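Student: The structure follows.
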Amino acid sequence: MKSFQKFILIGTISCLLLLIAGCGSSNEEVADLVLLNGKILTVDKANTEVEALAIKGVNILAIGERSEIEKYIGKETEVIDLDGKLAIPGLIEGHGHFMRLGETLMQLDLRNVNSWEEIVELVKEAIKTTEKGDWIVGWGWHQDKWEQPPNPSIEGLPTHQGLSLISPDNPVLLNHTSGHGSFANTSLTDK
């Protein structure tokens, strides 16, 4: 056999060996994150539920049974055993309460006050332009912005006395910035 033919034969055999080696069962895709043993809802049209999931970057590589997904686990893969717990796609929920925003623009703005005393002064000023019996409503206070706790207070929050003293004839309702708390005067309970 001539040397050129040997060269071609050896090259061809080498290429075939490389091709065969590349067709092996090793997985080129290694996941960054694998979830196993869970109740994973895919939220697709069929409402598919699987027990395992492989993720690389921001992409889902595969879903399925544990045995199907384990092949995506590499040395650097973070593996989380869900131990039967539920996993659902994450939701980034940014929203606005437009009606509430509009309402707050027509109320006393309490977002930038530094003390309970300042809030009482704002209410006192609002009384001057409010008819007897009409509501005075404010929004946006947050006790963490106050320079010091009010006196008197309960766990750093004021009692009704300051508002009740200055506004016996107008109901006052002042809402926390979160919407999860309010202050009121006794005018609300007297009528």
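Student: List pairs: first in the stretch 58-76 and aromatic (Phe, Trp, Tyr), second assigned to a loop (DSSP other than H, G, I, E, B) and loosely packed, with under 14 Cβ neighbours inside 10 Å, Cβ under 8 Å, 6+ apart or cross-chain?
Tutor: Pairs found: Tyr72/Glu29.
Quick grid of which residues meet (1) within 22 Å of the chain's Cα centre (by Cα); (2) hydrophobic (A, V, I, L, M, F, W, C); (3) surrounded by fewer than 12 Cβ atoms within 10 Å (Cβ to Cβ):
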{"position": "Leu35", "(1), (2), (3)": "yes, yes, no"}
{"position": "Lys39", "(1), (2), (3)": "yes, no, no"}
{"position": "Thr42", "(1), (2), (3)": "yes, no, no"}
{"position": "Asn47", "(1), (2), (3)": "no, no, yes"}
{"position": "Ala54", "(1), (2), (3)": "no, yes, no"}
{"position": "Ile69", "(1), (2), (3)": "no, yes, no"}
{"position": "Lys75", "(1), (2), (3)": "no, no, yes"}
{"position": "Ile80", "(1), (2), (3)": "yes, yes, no"}
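Student: Restricting attention to the stretch 114-153, report how many residues are surrounded by fewer than 15 Cβ atoms within 10 Å (Cβ to Cβ) and at positive phi.
Tutor: 1
Student: Additional query: Would you call Thr186 surrounded by fewer than 16 Cβ atoms within 10 Å (Cβ to Cβ) and either β-branched (Val, Ile, Thr) or closer than 16 Å to Leu108 by Cβ (or both)?
Tutor: In short, no.
Every number here is computed from the coordinates shown, using simple stated rules; none is lab data. As the structure is a prediction and not an experimental result, all values here were calculated from the model. Because the Cβ atoms are built from the backbone with ideal geometry, glycine has one as well, and the counts that use them run over all protein chains shown.
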